Amino acid sequence: MPKKRKKSKKDNSNITRRDMLKGAGAAGAAAVMGPIMLTSRKSFAFQDPVPTTGTAPVAEPVSCDFGVVSPPTRPFIDTLPIPATATRTTLFPRPTQNANIGGGEAARAPHQRWGEFLPEAEYSIQGRPSTHRFHSDYLPTYIWGWNGGYPGPTIRNNYGDPVIVRFKNDLPDNSPHFGLNEITVHLHNGHTASESDGFAGDFFATGLFKDNHYVNAYAGIDTFGTTAGVRGDPREAMHTFWYHDHRAAFTFNNNQLGLNGMYILYDRTDPGHENATAGSLRLPGIYGVTDIPLELSEHRFCATDPARGRTEQVLDFGDKWTVNGKIQPKFSVRRRKYRFRILNTGPTKIFNLQLVAPNGRQAPWTIVAVDANFLHEPWELSNGNLPIFVASRYDIIVDFRQFPVGSKVYLREDEPQNVGVPTPDPASGLPIENVLMRFDVVGETINGDTPPIPNTLVELPPLPTPTDCFQWRFTLEFPKLRPDAEFEAFLVNELEFDKNRVDWVVLKGSCEEWELKNDVIASDWVHPVHIHFEEGRVTERTIRRDVGLPTERRVRQTLKPDEDFRNARRDVYPLPEENAVKLRLQFRDFSGRYLIHCHNMGHEDGFMMVRWDVVNTRSELDARRRDIFDFRRSKGLPIVPCGQNRT
Amino acid sequence: MNRRDLLINFANRRAPVQRPDTPYRVGRFSNGVLLTHENKQVKFYDDLIHGRQAVINFMYANCTGACPLITEKLVQVHRALKDRMGKDLFMYSLTLYPEQDDPAALKKFATMHGALLPGWTFLTGDPYDLETIRYRLFRENHIKFDLDKGFHAAQLRIINDATNHWAHVSPNVSLETILQHISWLDPPKSIEEIREENKILQEKIDADIKLHGYRRTV
């Protein structure tokens, strides 16, 4: 049992991850309420008031509720599953530019740039109920999965091949389970037109489908030519994406139920094989063999019910960590280099990982990509954890030649999980609770090895020049500026999220400098803030108060400043309390509605989220900005300190 | 199976929503005995929540800040949804200060704000019961905020006990958005209804694009 739950129930002086979740989990399918501050590992404080008088019974114990302790599992029983590659298909009815309402498609705006990017491949991905075995010691668990699997199939394609992915909602139309049977699928962080981007409010109901059009071109379609058959700026290449449900207020629920999957794009630099081809970095690249997805998540399970033949999961923070849907799996490797595409699918947990050698010491690995973007130079990390925020992707290379055949190597997670089966430490100083998974070095390589990792991976695009600036200020407060504000809520620039209200507009093709500012008070949580649409470059970080945030501090210490602030292209910006980052973003090629939100899904569902739009013309931009300023004036709100004089 | 069969199957697949056992749900709400603004005793879960869709908020009668504005917004919500109010949709306004808000005070508040409407109940009772309900419904009780009633959660809690779903919305956003959030927890619709609504939505999107150049307000 994790330490965090052992403290006195009367100690309610600390809010905990668990308490937050009570908001999310209450009655099975709640959305988390506004102020949700997560502190990682503190006491479990029961939040009912102390009984004095009254008729209300104390919450009756139920068979499975938040905070239940998952049944025990023996470590290293199951083999790490590799999600299958999604198979191409021919869709009927045929995909169309305008929504095929008669054929059962969900309402949407017409696909942008359809004629330029006619689909060359088609996929059919259904969200449907199924069962999944998280561990051999468990009976099957009810899930919602893409094509019934957890994680969903990996969609793998080449840049230059536009695809249609038809997401079909086959979820039960009458489910008492904790998910909500309406979905909208976001490809994190594809350069995708708004109507295919899984805007949180664009969910569709059971029985409908929706075609998401992924052009699979580099950002910069309008300004760059064609390189090796792909339009756009090849320096904007990204390789590891994540498709998941983005249903407003129910993202936590539906993702924990299983609506997750990986999406990989290959190009000349990263071709998905290891042969010497022109321009290839020759990283380990055979999917499922030397190029391994590791999709991390957290889950919590009820006691196994043999009568029903199930081990059900409860909507909650996990006390079991899973890799590709398995608890503490093992994976056989040979003495050569492997690439691991690590993706944290949340819903809320930050993973802090390191590789542990059989002798208990940390072993080095090399990070080659952050948030799907290759670094300029590889970053070898041999001291300290690699923090993986929700939705962050890290591609790492591990060279197993450093271990003799027969070695057991461990992936260590900083926060212990509940194992429940007494097990000796697998390595010196490594409790079994801290082991995420095990690598078994079973032999010499049989298919050779890739050459050494190049000293320079890719050339980064030049830092774009902004023509305007804007500030997004995240708060959780009692807005004093409004007469009607007597309560706290997640606010962005003093306003709650309203999917029908746009809070900033930008011009298609422009670049702006945006500042993300975390003024959420009394929070010792790092908010992983995600901006849809294009990758950004952090140019400046302001730390007004260094709050005890070991993970983030380690990132800063470990990354060379040049990399942290200038070079790493990102789409998830870790934002500790009283931190602000300035970043440069471009808004190219498409227009429409996009989002910024905290990717802690509890916060996301509590609407730590804001909408911004890309518009096509300068006159439209000016008109919309006037609307925004007028609206703010009418509410007595300050005009944002940046960008106000531009219109 | 062709598409039409599939759709028919969807239509036929619908079964009545099962109501899970009461004790399980009571623990999530509370079955405390409360008093309505009509001075009637009710059990919170059994009489007000069980199997129902409801919008719940906290207020107090002599609140001069947020409550009147929120109540005004709720009156607009009621007006928009009056055909359903009291039938399959309910509104509950619970007092934060039961010590000072007796049923008569709540009735006066409701009358003053034009909120004495069918399906809308104002509730008071034992402070412990109300506190329990507030804590359980608005589990955002960060010690630094929520123990101070002055900073009460003015969010609207939307529940549908029949489908076991909860959601929330800020009362400060537009009426249209509040109505949308409430509709998120509507009882399951048939595939015919879904398709009809989808068709109407597409018409709205098309009109919006025509007007604004892109999908902006729908």
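Just so you know, all these numbers are worked out from the coordinates, no wet-lab data involved. Just so you know, these numbers come straight off a predicted model, no measurement behind them. Positions of Cβ are backbone-derived with ideal geometry, glycine not excepted, and every protein chain shown enters the neighbour counts.
Return a whole-number percent for the relative contact order of segment A:257-307, with Cα pairs under 8 Å and 6 or more residues apart as the contact set.
It comes to 22 percent, rounded to a whole number.
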### Query
In which sequence would A:494, A:105 go, from the one with the fewest C-beta neighbours within 10 Å to the one with the most?
A:494, A:105
### Summary
Rounded to the nearest Å, the spacing of the alpha-carbon centers of segment A:151-175 and segment B:171-193 is 26 Å
#### Entry: For segment A:91-229, the spread of Cα positions along each principal axis, largest first, Å
54, 36, 26
### Task
Compute the convex hull volume of the Cα atoms of segment B:19-187, divide it by the residue count, and report the result per residue in Å³ as a whole number.
104 Å³
### Task
Sort out for me the Cα centre separation of segment A:384-453 from segment A:300-362, rounded to whole Å.
12 Å
### Task
Round to a whole angstrom and tell me the spacing of the C-alpha centers of segment A:187-224 and segment B:80-140.
43 Å
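Once the mean 1/r over all distinct Cα pairs of segment B:58-97 is inverted, what Kirkwood radius in angstroms do you read off? Working shown, then result.
Working: mean 1/r = 0.0914 Å⁻¹.
About 10.9 Å for segment B:58-97.
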